[in-house]
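Novice: Got a structure for you, questions after.
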4 protein chains.
Amino acid sequence: MTASPDYQAILETIAAKVRPLAAQGRVADYIPELAKVPADKFAMAVHTLDGRRFAVGDADERFSIQSISKLFTLLMALRMKKETLWQRVGREPSGNPFNSLVQLEHEQGIPRNPFINAGALVITDVLCRHFVQADRAVLEFLRRLSGATDLNFDSAVAESEAEHGYRNAAMANFIKSFGNLDSPVDTVLQSYFRQCAVRMSCQELATAGLLLANHGTVPASGEALLTPSEAKRINAILLTCGTYDAAGDFAFRVGLPAKSGVGGGILAILPGELAVAVWSPALDENGNSLAGAMALEHFTTLTGRSVF
Amino acid sequence: MTASPDYQAILETIAAKVRPLAAQGRVADYIPELAKVPADKFAMAVHTLDGRRFAVGDADERFSIQSISKLFTLLMALRMKKETLWQRVGREPSGNPFNSLVQLEHEQGIPRNPFINAGALVITDVLCRHFVQADRAVLEFLRRLSGATDLNFDSAVAESEAEHGYRNAAMANFIKSFGNLDSPVDTVLQSYFRQCAVRMSCQELATAGLLLANHGTVPASGEALLTPSEAKRINAILLTCGTYDAAGDFAFRVGLPAKSGVGGGILAILPGELAVAVWSPALDENGNSLAGAMALEHFTTLTGRSVF
Amino acid sequence: MTASPDYQAILETIAAKVRPLAAQGRVADYIPELAKVPADKFAMAVHTLDGRRFAVGDADERFSIQSISKLFTLLMALRMKKETLWQRVGREPSGNPFNSLVQLEHEQGIPRNPFINAGALVITDVLCRHFVQADRAVLEFLRRLSGATDLNFDSAVAESEAEHGYRNAAMANFIKSFGNLDSPVDTVLQSYFRQCAVRMSCQELATAGLLLANHGTVPASGEALLTPSEAKRINAILLTCGTYDAAGDFAFRVGLPAKSGVGGGILAILPGELAVAVWSPALDENGNSLAGAMALEHFTTLTGRSVF
Amino acid sequence: MTASPDYQAILETIAAKVRPLAAQGRVADYIPELAKVPADKFAMAVHTLDGRRFAVGDADERFSIQSISKLFTLLMALRMKKETLWQRVGREPSGNPFNSLVQLEHEQGIPRNPFINAGALVITDVLCRHFVQADRAVLEFLRRLSGATDLNFDSAVAESEAEHGYRNAAMANFIKSFGNLDSPVDTVLQSYFRQCAVRMSCQELATAGLLLANHGTVPASGEALLTPSEAKRINAILLTCGTYDAAGDFAFRVGLPAKSGVGGGILAILPGELAVAVWSPALDENGNSLAGAMALEHFTTLTGRSVF
């Protein structure tokens, strides 16, 4: 590992380029609480393994991490279950929208990967069996990784999701019908909706992501939460499955393992070097932050750094 | 780039470990010519950007590259068409077996990526419009990249494929019905079957693959055939789509961009460092070389090197 | 209408032929209550429009009508909604198992027909909006049509279905996610499970079916519940969709509009002449009564009567 | 069988009602020869078993029967193969457009029924194995049934179909890949395209259809080509599968076994009574004659006759 370059100028260049793009996207509006977020918010933060931090825009403002939580719940479940986890969820890209039930039917209740909603529900079920309050456990884990002890759920978002979450309820019941859910459907759904409703800033996400850049060890504490092999494998799943049905295109354009959420956040990893978080609430047709994805594309182009 | 380590001992360790696994796989037998290849053949070759070559087993024996040819035809087509190529073929993992027609119907004749058969037929069509004899052009390109001027087609294999190639014929006609094939169906199929029937050794494949390890420039000649950005993007497609419906699992286990073929070969790339080719004819249920994939998994584990 | 023949001898011939077939089928066992029914039960009843009744076997013993209820809830919903009903449910055969979610996804929450579970849930929702207690209304309707004022639900069956009904819950939530369910998911499911758990005998079912043989008018009372055109149309849907994914085969072999249930009952109609109900609990692989379908095939062969 | 009513007035009423509807449909234009037919053509002919004939419009003008030929090739194949035919083709409605390959893949090359294109190709293959010139044999059969000894192919239509028939070629190759086609793909396709290109008038079709109204016996000659049971079964398949993906709706609205073609013809059967043919070239979105289907709907409504 050589010393990391000064990314500040690059972040500012990127911010100037991509901010206008938000106007071409569309803020998630399937629940009112998400629709309220101003479309012109933008933030980007880079944290390196040698301890430097760079940021631009509203990088300390928290937003709803939504599906980015799936990355952290996967980490938790993998630590408990090790390789046996893969008996209950696959690790192949889905080739279908993230909330499709079709594939689940063909594959008899084994979700294709942990980052589609069906897979995340199975992962949540793993946590629900292990913790009395799985949602609290996830929150504690995120506080620990980010160092932000005041992270919390947005209860209004969680409740709104629960009220409109018929498709997730369909999915959970469907998985249960195949015998791949141990806890009661409602228990799993409530935990899932609350995990998705955690609010974090780009700075906090970038810090939390360093674990994966650092081969499984939290840089701040030296704790080895994952083996290097496990960290490598999670990065692989991020790359092939982390950005919904656009993972191929995202790998093509950006070339970094990443997880996106409909709150407009994306967390990406450059193994051995850094974690980078970006936030812009307006989404493209695949549900990924439009300006956020473009910001990451510029980042790998301008720095010449990607996994490829 | 630091000096590459001495991979010879590692290759020998791997060979000893994985040779016995071939007994658990199954040599492709859908055409008699492929079925004749002894299941116990094994070879592995590593060529580094700093000019070192390591090999174990039958690394100079040629075998049918089959779908590995799809990587090189993609390179050729991308050089001609640049970004416009992606109007005719996607770059998303398919989530379906490599010769499925289902997805093609849903997506109106635009194959999901250039590495499923449907996509490779469209790529071949691009070559057929540009070259009087596309198959010869592909052969010349492979000779040039590998430095082996006597590379050739195995005509018996090509003819046998043509005789049994009803599913490929179905696919080509289907794509044509959507207007995404310019040349006559038979022209495209004949060229496709011949490209797949080129015979190369692991040593030759590893040399040919260096181009992609070297960001688009042939190390031997200094020729920049692709821009660094194009090379990065092809590596991304290899990682997400290069190993049929098992790309997610392959990325998870191996963590290298790679392209496999039913002849039992796999060519993998470690960007910035090396290309590695492996050959073992017995396949797993996804059509990838069983011992070959395991050899690559050991390679990244033992060297601690992967893109993640 | 000429005087109906004496069907008694025919029913006895049929009973002798088909009773042994039950051994080749399998009693529904997805809930314990249904699994308890002895596989060797058999009954058949023919009621003609000129007032004659023929029966063989346990024709006065009640069994769980299950999906045969879907015919009667359709009648009720059609009477209320007339042609507007078809905006919420189609009338095409499904080409898929009766509880598939795949088609529902492709068709955006509009079930293919009222006799697959998804369609019956939408029909139940129609009833739930109209009646304070839809299940009681269905029960009253069945009592009125059959003349059996003591018909009732089997609460143990209904509760058992509710406890194991994850797939139906998945379906109801999925339909709700497309906006095609007005009442709360649980309200619709509870009513649906109770309607399916009504117990009726072959004699009672045959009487209830006469309405459809008699072009919409209840013979006993002279009440015109449906227009002749509506009755004809329901017969058409029965023929094309009434026996799960085997409707084509059933039409081919039997040639009568019919509705089957997993309790082993089948109600069939010969328009202008008669209704025939059969019961044998052991099912074929499509979920239709094995001996029951064969009994109806013999019936149309021996009498030379079918709609074709 | 009572004496048939005088249908002439009814046909004239129908013609007046439905002729204007043709403006809402669309003449098939996927090959130029079909697109040339004037959209305002209309004809309807009713032939009864007691020897009466009624007609309105251009009932002696021939048109391309297209998929109506599938009914007659099925008759021929069923006579040869009897029940063994159903090992190679199913008899279930497809739930998918008539030229879909998706279902064929799921069902491993066994088409769902003989009236989707895939099924008709398998039926044609049966004929190709039995006759040196299957297309001539079909033509002779149609001449014999219709009594019109000068029936012929429209070679321009057949050749045009062959030139544009990529989807049928895809299907035939696909079926061949599953081993469900004995003859060479091109042989089957050529015969298929020629059979579809036979030209017949409504009068000729109605006469040919009497066989199925008359339980398998040609009324004019007394020849029993099918057993009553076979005739009944073919009527059943017509009802459940004869009008593409709209068979349910057609049964609902019309209530007669029928086969349609993209040339705008429909042949329908009222078993025991009559055959009725209608022609209007403008099609609805399912590929059925728009005014033709409406004419048959009026026919069953005005006469009060249908199979239900």
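Novice: Starting from the Cα of C:ARG26, step 7 Å toward the Cβ, then list every residue of the range C:149-176 with an amide N under 20 Å from that point.
Specialist: It comes to C:161, C:164-168, nothing else.
Novice: Within 10 Å of each candidate Cβ there may be at most 16 other Cβ atoms; applying that plus a DSSP loop requirement, which GluC sites (Glu not before Pro) in the range A:241-308 survive? Walk me through the intermediate numbers first.
Specialist: Working: sites: A:GLU273, A:GLU285, A:GLU297; in loops: A:GLU273, A:GLU285.
Here the sparse-neighbourhood loop sites are A:GLU285.
Novice: Using unit Cβ charges (K, R positive; D, E negative) and no other charged atoms, how large, in debye to the nearest 20, is the dipole of the protein assembly as shown about its Cα centre?
Specialist: Computed about the Cα centre, the dipole is about 0 debye.
Novice: Principal axis extents for the range A:67-196, Cα atoms only, whole Å, descending order, please.
Specialist: The Cα atoms of the range A:67-196 stretch 43, 34, 26 Å along the principal axes, largest first.
Novice: Of D:VAL89, D:HIS164, D:GLN190, which is farthest along the charge dipole of the range D:69-196 in the positive direction, counting Lys and Arg as +1 and Asp and Glu as -1 at C-beta?
Specialist: After comparing all options, I get D:VAL89.
Novice: Ordered shortest first, which distances in nm separate the 7 Å Cα→C-beta label point of C:MET80 from those of the other copies?
Specialist: So the label point of C:MET80 gives 4.4, 5.5, 6.4 nm to the other copies.
Novice: Using a Cα-Cα cut-off of under 26 Å, which lysines could be cross-linked to A:LYS41, ignoring same-chain neighbours fewer than 8 residues away?
Specialist: Within the straight-line cut-off, A:LYS41 pairs with A:LYS17, A:LYS70, A:LYS259.
Novice: Could I ask something else about it? Calculate one ³J(HN,Hα) per residue across the range D:48-59 by plugging θ = phi - 60° into the Karplus curve 6.51 cos²θ - 1.76 cosθ + 1.60, and present them in order as whole Hz with x for glycine and proline.
Specialist: Each residue of the range D:48-59 in turn: 9, 5, 8, x, 9, 10, 10, 7, 9, x, 7, 6 Hz.
Novice: Which aspartates and glutamates, on any chain, are close to A:LYS232 with Cα under 20 Å apart, when same-chain ones fewer than 8 places away are left out?
Specialist: Partners within reach: A:ASP50, A:GLU83, A:GLU92, A:GLU223, A:GLU273, B:ASP249, B:GLU273, B:GLU297.
Novice: Using 0.36 nm per residue of separation minus the Cα-Cα distance, give me the extension gain between A:GLN133 and A:THR84 in nm, one decimal.
Specialist: Details: separation 49, 0.36 × 49 = 17.64 nm, distance 2.24 nm.
In short, 15.4 nm is gained.
Novice: I've got another one for you. Residues with amide H under 5 Å of D:ALA55's amide H, sequence separation 5 or more or different chain, H placed in the peptide plane at 1.01 Å from N; which?
Specialist: Those lying under 5 Å, H to H, from D:ALA55 are D:VAL46.
Novice: Angle check, please: helix B:134-146 long axis (alpha carbons) against the longest principal axis of chain B (alpha carbons), in degrees 0 to 90, nearest 10.
Specialist: 10 degrees
Novice: Using 0.36 nm per residue, how much length does the chain from A:THR227 to A:PHE178 gain when fully extended, once their Cα-Cα distance is taken away? Don't jump to the answer; show the numbers that get you there.
Specialist: Numbers: separation 49, 0.36 × 49 = 17.64 nm, distance 3.20 nm.
Between A:THR227 and A:PHE178, full extension yields 14.4 nm more.
Novice: Could you pull the Rg and Dmax for chain C, using just the Cα atoms, both in Å?
Specialist: 17.8, 53
Novice: Moving to a separate point now. What is the dipole size for the range A:67-196, taken about its Cα centre, with +1 at each Lys and Arg Cβ and -1 at each Asp and Glu Cβ, in debye to the nearest 20?
Specialist: Computed about the Cα centre, the dipole is about 480 debye.
Novice: Which aspartates and glutamates, if any, have their Cα less than 14 Å from the Cα of A:LYS82, not counting same-chain residues under 8 positions apart?
Specialist: Within reach: A:GLU230.
Novice: If you average the C-alpha positions of the range D:38-57 and of the range B:238-272 separately, how far apart do those two centres end up, in angstrom?
Specialist: The distance from the Cα centre of the range D:38-57 to that of the range B:238-272 comes to 65 Å.
Novice: Also: For chain A, what's the relative contact order in percent, using C-alpha pairs closer than 8 Å and at least 6 residues apart? Walk me through the intermediate numbers first.
Specialist: Values: 628 pairs, mean separation 82.8, N = 308.
Once divided by the residue count of chain A, the mean separation gives 27 percent.
Novice: Find which of A:THR243, A:LEU225, A:SER201 sits farthest along the positive direction of the dipole of the range A:201-271, computed with +1 on the beta-carbon of Lys and Arg, -1 on that of Asp and Glu, about the Cα centre.
Specialist: Comparing the listed Cα positions along the dipole, A:THR243 ranks first.
Novice: Grab the DSSP H runs of the protein assembly as shown that are 4 residues or longer, score each as -39,500 (n - 2.57), total them, divide by all residues and round the 222 nm result to the nearest 500 deg cm²/dmol. Spell out each step's value before the answer.
Specialist: Numbers: 52 runs with 564 residues, N = 1232.
Mean residue ellipticity at 222 nm (helix-derived): -14000 deg cm²/dmol.
Novice: Determine, from the Cβ-Cβ distance of C:GLU285 and B:GLN8 and an R0 of 60 Å, the FRET efficiency 1/(1 + (r/R0)^6), rounded to the nearest 0.05.
Specialist: Working: r = 59 Å, r/R0 = 0.98.
Given R0 = 60 Å and the Cβ-Cβ separation, E is 0.55.
Novice: For peptide D:78-91, how many partner chain Cβ atoms fall within 10 Å of a residue's Cβ, on average?
Specialist: Numbers: counts 0, 0, 0, 0, 0, 0, 0, 0, 2, 0, 0, 0, 2, 8.
That average works out to 1.
Novice: Using Cα centres only, tell me the gap between the range B:59-119 and the range C:182-208 in whole Å.
Specialist: Comparing the Cα centres of the range B:59-119 and the range C:182-208, I get a distance of 52 Å.
Novice: With a ≥ b ≥ c taken as the square roots of the eigenvalues of the C-alpha gyration tensor of the range B:142-272, please select rounded if a/c is under 1.5 and otherwise prolate if a/b is larger than b/c or oblate if it is not?
Specialist: Since a/c reaches 1.5 and a/b is larger than b/c, the shape of the range B:142-272 is classed as prolate.
Novice: Classify the range C:214-308 from the C-alpha gyration tensor, please: rounded if a/c falls under 1.5, else prolate or oblate depending on whether a/b exceeds b/c. Don't skip to the answer; put the middle values down first.
Specialist: Values: a/c = 1.77, a/b = 1.68, b/c = 1.06.
Cα axes put the range C:214-308 in the prolate bin.
Novice: Just grab the label-to-label distance for A:ALA16 and C:LYS36, each label 7 Å out from Cα along the Cβ direction, in nm (one decimal).
Specialist: Taking the simple label geometry, A:ALA16 and C:LYS36 are separated by 7.9 nm.
Novice: If you don't mind, there's one more thing I want to ask. Rounded to a whole number, what is D in µm²/s for the protein assembly as shown from Stokes-Einstein with the Kirkwood radius over alpha-carbon pairs (10 °C, 1.306 mPa s)?
Specialist: On the way: Rh = 33.1 Å.
The estimated diffusion coefficient comes to 48 µm²/s.
Bear in mind these aren't lab numbers, they're just calculated from the coordinates by the rules spelled out. Keep in mind the model is a prediction, meaning the values are calculated, not measured. In this analysis, Cβ positions are derived from the backbone assuming ideal geometry, glycine residues included, and neighbour counts consider all displayed protein chains.
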